[in-house]
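*Asks:* Pasting in a structure now, in structure tokens, and then I'll have a few things to ask.
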Amino acid sequence: MKLSGISHKFGDNISTDLIIPGRYFHLRSNLLELAKHLMEDADPEFVNRVKLGDFIVAGRNFGCGSSREHAPTIIKMAGISVVIAKSFARIFYRNSINLGLLPIETDTDGLQEGDSLEIDIAKGIIKNNSSDKETSFLPPSPEMLKILSDGGLIAHIKKYGGIQI
């Protein structure tokens, strides 16, 4: 599976409160409206620039803070196909898989805002077309790819009636 898109870069410790500002928590039952505020406090123009298939690129500890399942859900709803970070908060990482959003852990220092990226998920390679450099990452296991291709663990369980890979 190969993906391509533009990078939108953020720093370290992007909390779920930056992903979804807490003042919009009342919109949690209206995800389309909530998604209009994605990353608003980190970058007020983010939702106006992001396009289907783009990537969020970040530093360490992406998704720290509360365990809001809405965070990976609205990232995905906004058209982001992958979040690439140096590291993830554990609960955000698990919520992402459960909801079908691929988190990739790798060194992101060579990736900049607006870079054109191609990701070969099976081979574990991110090609930066803007700098003509490659970054590697540990590709997901075949079982994890199956869960992600089914739309996440929840969809996988609904499809198969259990955790069958």
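Bear in mind these aren't lab numbers, they're just calculated from the coordinates by the rules spelled out. Model, not experiment: these values are computed from the prediction. Please note: Cβ atoms are built from the backbone with ideal geometry, for glycine as well, and neighbour counts cover all protein chains shown.
*Asks:* Only one of 15, 29 is within 22 Å of residue 107 (Cβ to Cβ) and among the hydroxyl-bearing types (Ser, Thr, Tyr). Can you tell me which? Explain how you work it out, then say what you get.
*Replies:* Working: 29 fails: within 22 Å of residue 107 (Cβ to Cβ).
None of the other options fit; the residue is 15.
*Asks:* I want to confirm something. Restricting to the stretch 37-60 and keeping residues that are of a type in the set (D, E, K, R) and touching a His at 6+ places or on another chain (Cβ under 8 Å), which single residue is surrounded by the most Cβ atoms within 10 Å (Cβ to Cβ)?
*Replies:* Among those residues, the one meeting the criterion is 54.
*Asks:* Let me ask something else. Residue 34 - would you say it is free of Cβ contacts under 8 Å to residues at least 12 places away in the same chain and either closer than 27 Å to residue 145 by Cβ or buried (at least 17 other Cβ atoms within 10 Å of the Cβ) (or both)? Reasoning before the result, please.
*Replies:* On the way: free of Cβ contacts under 8 Å to residues at least 12 places away in the same chain: no; either closer than 27 Å to residue 145 by Cβ or buried (at least 17 other Cβ atoms within 10 Å of the Cβ) (or both): yes.
Here the answer is no, as residue 34 does not meet what is asked.
*Asks:* Of the residues that sit in the stretch 131-143 and are loosely packed, with under 15 Cβ neighbours inside 10 Å and touching a strand residue (DSSP E or B) at 6+ places or on another chain (Cβ under 9 Å), which one is farthest from residue 86 (Cα to Cα)? Let's see the steps before the verdict.
*Replies:* Kept after step one, since they are loosely packed, with under 15 Cβ neighbours inside 10 Å, are these residues of the stretch 131-143: 131-134, 136, 138, 141-143.
From the residues that got through so far, the ones that are touching a strand residue (DSSP E or B) at 6+ places or on another chain (Cβ under 9 Å) too are 133-134, 136, 138.
On the way: 133: 17, 134: 15, 136: 12, 138: 12 Å.
Ranking the candidates gives 133 first.
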